[in-house]
Amino acid sequence: MALQGMVIRTIFQTASSFGAAFDILCQMSGISPEEMGDSENMVEWEKAALIWVPLLKLSNDPLIGLHVGMGVDKLLHGMIGFLIQSSKDIDQSMQMLCRYGHMTSPMVEYRYTVNDVAIIEIAQNKMWLMKYPEPARHANDFLFAAVINTCRTLSGKRIVPLRIELTYQMREISEYRKSFGCEVLFNKDANRIILSKEAIATPLLTSDQSMFQLFSSIMAEKQVLLTSRSTVESLKQVLFMQFKGRIPTIEEAAAALNMTPRHLQRRLQLEQTTFRDIAGAIRKEIAFQLMQNPAIKISEVSDILGYSDLTAFRKAFKSWTNSTPRAVRKEQM
């Protein structure tokens, strides 16, 4: 679980225009310039998630994610960035973002559908939202603004969404409307950018279909290599990424891995483990992550992880640590 280092570099460099010195941001975030100097290098997700803490502190800007995103003219770097740039139009570039975007940040899932309108839905990992809600909000604002600004830069047109929908509570709505140029709705059920079909048909100034075919082939091969790792590692990522307040079932996990539940069980058996063991390990990891947020009650952690009651959670927790949730939380504080 990580974020492309060069995306963080872009964020820090853009934030410098707001008075946040690049070297100070590196120092406060614990991320070195070397970690951000290669499009193939991934920064561990928790360090990446927390970059918004020093950014907020240094800028004192409650909409720092939105403002930095509006200053970014290239959301992704490396092969995926080139693939998006070489796309025919905004429609094709959004297809590529949603197909390969998870490879630059597994903590974010992109969905893209086109019917009467085009909808880009951006979903952040549930644990990220629960553990670091404020940094998650800034990250989401950044993504939305950077997607729109990238479309505007690559097309040379002022692309204006039909509307923006956000799951977050309203904050300085006039600034959101000014940045996006459209109606912005809060407290919705998902984070969405809604564009007209005319907007997504806008050609890109950087389009190069021969380069598009080349980068598309490279990315497809890279994705195959990533999915060829062990079943255990693939399953762990699916369970972690698809955690939406509960651990996915074996049927849901198998579908995400393009397998039948029976085939998944056989693959795990060959690797000398079971779905139950892997799900238990992920449940334990999520429990420890959630308990680091003092705003989340131990009873809520129990409910989130699907235990029948608090007693069952305490029993499971003691089997992991030989201690109680309360005692471990006290040690973490």
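None of the figures in this text is laboratory data; all of them are computed from the coordinates on show. Since the model is a prediction, treat every value here as computed from it, not as a measurement. Here the Cβ is made from the backbone with ideal geometry for all residues, glycine too, and neighbour counts use every protein chain on show.
Figures for the structure shown
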item	result
Label-point separation in nm, GLU172 to GLU46, each point 7 Å along Cα→Cβ	3.0 nm
Distribution of pairwise C-alpha distances over the range 229-332, 5 Å bins, in %	2, 12, 23, 21, 15, 13, 9, 4, 0
Dipole moment magnitude, nearest 20 debye, the range 2-218 about Cα centre, only Lys, Arg, Asp, Glu C-beta charged	440 debye
Greater than 30 Å apart at Cα, pairs in LYS57/LYS318; LYS88/LYS126; LYS157/LYS222; LYS197/LYS236; LYS57/LYS178	LYS57/LYS318; LYS88/LYS126; LYS157/LYS222; LYS197/LYS236
Cleavage-rule hits (chymotrypsin sites (Phe, Trp or Tyr not before Pro)) in the range 161-263: DSSP loop, at most 10 neighbouring Cβ within 10 angstrom	none
Pair-distance profile P(r), taking every C-alpha pair of the chain, with 10 angstrom steps and integer %	5, 23, 31, 26, 12, 2, 0
Span-like helix ranges in the chain, DSSP H, alpha carbon extent 20 angstrom or more, Kyte mean at least 0.5	209-227
Centroid-to-centroid separation of the range 129-143 and the range 307-333 [C-alpha atoms, Å]	27 Å
Burial ordering of CYS26, CYS98, CYS151, fewest other beta-carbon atoms within 10 Å first	CYS98, CYS26, CYS151
The range 1-67-the range 89-114 distance, computed between alpha-carbon centres (Å)	22 Å
Sequence of ARG246, ARG9, ARG326 once ranked by neighbouring C-beta atoms within 10 Å, starting from the fewest	ARG326, ARG246, ARG9
Environment charge of TYR110, counting only residues whose C-beta is closer than 13 Å and scoring Lys/Arg +1, Asp/Glu -1	+1
